[in-house]
Structure formats: structure tokens, C-alpha cells
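Inspection log for the structure reproduced underneath, given as C-alpha cells.
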Amino acid sequence: MAYTLSDRSLTTTLMIKGAGNTEDAVYTCGVMLPGMELPWTLELDVDVFSAVSVNKEVRSGTQVKLTCTFTGMKSQLDVYWSQGRGGEKMTEESSGEFTFTMNYDAYQKRQVTTLSVPAKLNQFSTDYFCSVFDHDTYRDTRAFLGVFHMAPDHQTIQAGVAVTLSVQVSSLRYPVAVTWRNTDGFPYTQDNSGPYEIEDGTWDEGSNTQKPKLIIPPNLNTGSKTFICEVTPLPCDARAPAQYCTDDMDIIPGTVEVDLIELTNSGSQCSIDVF
């Protein structure tokens, strides 16, 4: 409490700690002077809203949407997105092909703000923040976009020999589950590999890589084929560090086509000219 003699003012402050600031409340400030039977009072409203975002894990080159959902507000909020905490405000004019949408429902006291990241700009893991100006302070909520990469190892080989197709998966924060499919969509896994042999590969925490393989026996290598490798990061897998396990991660499987190209021998001709 502070008293200022020059303008005869008295300032008193109530600090509400974070743990106690969970719902709307009305606080009353009262002043009692000598000779007064009742105090002068002033009611102060504290409006509390919450913000929730969902982190995402996707393959590079995937178009993706990040959302921040605000609830409990009494009016529409002015929200903006940035790359990195305290980064420059992103707008459609300044941020190229990023797009932004907002939906506010006054009845439900709910506002959803969405940032759309285009495929060609989604190449690296990035921290995005949605921020709102609240009582002279910017409050931000983190929405992490984790990005992994998939590089197929196409093979050109003669028919009738064993061949191994593989995919190098990099920038992984977690191990991945692997499913191979043919072009008809039929799935092959380690538990259901059919005539093929499948190796999921081992996640290397040091290099953040994993290399799944599909081994095709000689009798099934009968011509050019295309296989699809699908990987799904497993943040709560027993092989992943505990600090990476999270319930608010939206996992989007990544897929890539791997080609087996038959090497054909068109034959050769040899001629001899006699003089």
C-alpha cells in the first residue's frame, strides 16, 4: 500500500498468484476512514480465459494447420501468430503463403485461431506462438511443429534376384512404427509380412534417424513395382526418452513411394565385315 501526499492518493494492490487464478471472480476493495460507519467499496472484475494449442509431428512437405483455442473470454481477442517467442507478428502480407483464420463464438465464449503452413514452407521443426495482448502484457501459447524427412532408396536391378528397398527417415525425435503397402493398399508389417521380410530399423537417438527396409525374395522380383512406406512417430514408445512423451501431440503419418525398377537387357549385336 502506498500513499502519495502531493495528490492525497492511496494505492493498494492485491496480487493473485497463478494457482489461484482459475476462474472469473469479483474482488471488493474497501476504504474505512475515521468516523465512517460503513466503508467505501469498489468492485473489481477479474475475467479469466484459457488457451490450449495442439503440437503436431509431420513429414516435411506436408500442408498442416496449427490451432489455438481460447475459452472463457467475454469478448473477442486480438490474437496474432509468430515464429519463435517474441517473434515478428505474422500477417498474410508479411508471411507470404501462410494463411490465418479465426472463428469466434460469443455464446460459448470460445475462439479458435488457425495458422495454415503451406507444404513447401514446412521443411524444418519450428516453434510457433499464438499471442494475445492482456492487461498491458502479451500472453503467448506455444504450438510446436515437429518435422521429419523421408528419403527413398529406389533400386534398379535384374529380375529374379533378392532386392532390398529402404527409406532413410531423419530429424526424428521418436522411433517410428513402419508399414509397407503395395499400390493396391495391402499392408505389410513385421507381424504380417506375408512373403516379404521387413525390418523396421532401430531409431538412433544420436543421429535422430531410422532406416526401415523391405526385402523382396528372388521369386517375387518379377518386374518393376512401386511400394509405399508409411511411418508413424511413437512419442510414448518405450524406446523414446520420457521427456518426449506427450498427450497433446497430433501425429500425422508420413508416406513415400519406393520404386523397384527392373533392369532389362535388350541384347547386343555384333557384325564382322569381310573385305
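The values are calculated or read from the model by the stated rules, or taken from the named source; none is laboratory data. Because the structure is a prediction, the values reported are computed rather than measured. Glycine gets a Cβ as well: all are built from the backbone with ideal geometry, and neighbour counts include every protein chain shown. Ligands, DNA and RNA are excluded from the accessible area calculation, which covers all protein heavy atoms including side chains. Shrake-Rupley method; radii C 1.70, N 1.55, O 1.52, S 1.80 Å.
Does segment 82-92 hold any residues that are closer than 15 Å to Ser116 by Cβ and of a type in the set (D, E, K, R), and which are they? Within segment 82-92, Glu92 is the sole residue that qualifies. Entry remark, segment 113-138: residues being surrounded by fewer than 16 Cβ atoms within 10 Å (Cβ to Cβ) and over 30 Å from Thr209 (Cα atoms) number 6 in total. Residues Val79, Val48, Val58, Val54: which one is surrounded by 11 or more Cβ atoms within 10 Å (Cβ to Cβ), out of contact with any helix residue (DSSP H, G or I) (no Cβ under 8 Å at 6 or more places or on another chain) and at pLDDT below 80? The conditions single out Val48.
Here Asp136 clears all of (1) modelled with pLDDT of 90 or more; (2) over 23 Å from Leu66 (Cα atoms); (3) out of contact with any Pro (no Cβ under 7 Å at 6 or more places or on another chain) except the condition numbered (1). Residue-level check: of (1) assigned to a strand (DSSP E or B); (2) over 20 Å from the mean Cα position of the chain (by Cα), Phe100 misses just (2).
It is to be established whether one or more residues within segment 224-247 are of a type in the set (A, V, I, L, M), part of a loop (DSSP other than H, G, I, E, B), modelled with pLDDT of 90 or more and surrounded by fewer than 15 Cβ atoms within 10 Å (Cβ to Cβ). Full working, then the answer.
Narrowing segment 224-247 to residues of a type in the set (A, V, I, L, M): 228, 231, 234, 238, 240, 242.
Next cut, part of a loop (DSSP other than H, G, I, E, B) only: 234, 238, 240.
Of the ones still in play, those that are also modelled with pLDDT of 90 or more are none.
For segment 224-247, residues of a type in the set (A, V, I, L, M), part of a loop (DSSP other than H, G, I, E, B), modelled with pLDDT of 90 or more and surrounded by fewer than 15 Cβ atoms within 10 Å (Cβ to Cβ): absent.
Looking only at segment 140-167, which residues are surrounded by 13 or more Cβ atoms within 10 Å (Cβ to Cβ) and in a loop (DSSP other than H, G, I, E, B)? Selection gives Ala159, Ala162.
The single condition among (1) in contact with a strand residue (DSSP E or B) (Cβ under 6 Å, 6 or more places away or on another chain); (2) not in a strand (DSSP E or B) that Lys120 does not meet is (1). Going residue by residue through segment 91-104, is there one that turns out to be touching a residue at least 60 places away in the same chain (Cβ under 8 Å) and either out of contact with any Phe, Trp or Tyr (no Cβ under 7 Å at 6 or more places or on another chain) or among the aliphatic types (A, V, I, L, M) (or both)? Scanning segment 91-104, I find no residue that is touching a residue at least 60 places away in the same chain (Cβ under 8 Å) and either out of contact with any Phe, Trp or Tyr (no Cβ under 7 Å at 6 or more places or on another chain) or among the aliphatic types (A, V, I, L, M) (or both), so the answer is no. When both residues are 6+ apart or on different chains and their Cβ atoms are under 6 Å apart, which pairs have a first residue that lies in segment 180-207 and is at positive phi, and a second that is among the charged types (D, E, K, R) and surrounded by 14 or more Cβ atoms within 10 Å (Cβ to Cβ)? Taking only residues 6 or more apart or on different chains, the pairs are Gly201/Lys211. One residue is enough: does segment 125-139 have a residue meeting the conditions among the acidic types (Asp, Glu), in a loop (DSSP other than H, G, I, E, B) and free of Cβ contacts under 8 Å to residues at least 60 places away in the same chain? Yes, because at least one residue in segment 125-139 is among the acidic types (Asp, Glu), in a loop (DSSP other than H, G, I, E, B) and free of Cβ contacts under 8 Å to residues at least 60 places away in the same chain.
Where residues in segment 248-266 are open to solvent by 80 Å² or more (accessible area, probe 1.4 Å) and not in a strand (DSSP E or B), which of them is modelled with the highest pLDDT? Can you show your working first?
Initial filter on segment 248-266 (open to solvent by 80 Å² or more (accessible area, probe 1.4 Å)): 257, 263-266.
With not in a strand (DSSP E or B) added as a condition, the list becomes 263-266.
Details: Leu263: 78, Thr264: 72, Asn265: 61, Ser266: 52.
It comes out as Leu263.
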